Amino acid sequence: MQLTEFNSLDPDTAAQTVAVWAAVPGWVDAVVAGRPYATVDALAAYAGELAAVWSRADLDAALAHHPRIGEKPTGAGAEAAASRSEQASMASAADEVAAAIAAGNAAYEARFGRVFLIRAAGRSPQEMLAELHRRLDNDDSAEGREATIQLAEIALLRLRGTIFDDDIEPEEAE
Ligand code: 2AL
């Protein structure tokens, strides 16, 4: 969608679009209320600034919408489509890597009480497994911060995959 269209959506429709990037209610409302944006960079900068102060409750709210790494996102909605594309590298994961990620996910959930979250786009299964093992050694507060940063990275990538500056043709923007 081009930025002009995003700027002129009615607030409810704009909120539905933004909630796909990260389902953090206060953040969605603020990003919608911040329109109009002059450029996608300005939109991303504002969204990123607001995301930098996400709390643990914000993380938990958004996490309910993220499937585990290696768990095929089901459904036809925009969130499931985004997750499928982000996790595309998992389709070619070696069986032992996929199994180690599944075991690591279970260990992470037992340790931290929430789903392991990582920005999957641009990472191989092996890299995600190494990150999972590294982060299992974090203490609660360091891990809360890391997970929140990953949530923000996912949100900003989704934003930039959804909204394009008006001078960019959609086919170039793929
Ligand atoms: C995901 C997801 O669905 N997309 C992404 O980048 N990471 N899930 C997760 N548990 O980390």
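The values are calculated or read from the model by the stated rules, or taken from the named source; none is laboratory data. Treat the numbers as computed from the prediction; the structure is a model and nothing was measured. Glycine also receives a Cβ, built like all others from the backbone with ideal geometry; neighbour counts cover every protein chain displayed. These area figures cover heavy atoms from the full protein model, side chains too; ligands, DNA and RNA do not enter into them. Shrake-Rupley method; radii C 1.70, N 1.55, O 1.52, S 1.80 Å.
The table below gives the values:
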item: 222 nm mean residue ellipticity, helices alone, for the chain (DSSP H n ≥ 4; -39,500 (n - 2.57); rounded to 500); result: -19500 deg cm²/dmol
item: Label point at Asp139 placed 7 Å out along Cα→Cβ; residues across the range 105-133 whose backbone nitrogen lies under 12 Å; result: none
item: Options Phe116, His66, Gly48, ranked by Cα towards positive dipole end of the range 3-173, top entry (Cβ charges); result: Phe116
item: Over 18 Å [Cα-Cα, the range 50-120], rounded percent; result: 45
item: Whole-Å distance, taken between Cα centres, linking the range 1-43 and the range 53-114; result: 25
item: Interchain or long-range residues, amide H under 5 Å from Gln2's placed H; result: Phe164
item: Accessible area expressed per residue, the chain, with surrounding protein chains retained (probe 1.4 Å, Å²); result: 50
item: Mean Cβ count within 10 Å, highest first, over the residues of peptides 92-100, 50-58; result: 50-58, 92-100
item: Kirkwood Rh, Cα atoms: Rg over Rh of the chain; result: 0.98
item: Apportionment of accessible area to carbon and sulfur, the chain, percent (1.4 Å); result: 54
item: Percent RCO, i.e. relative contact order, over the chain, from Cα pairs under 8 Å lying at least 6 residues apart; result: 31
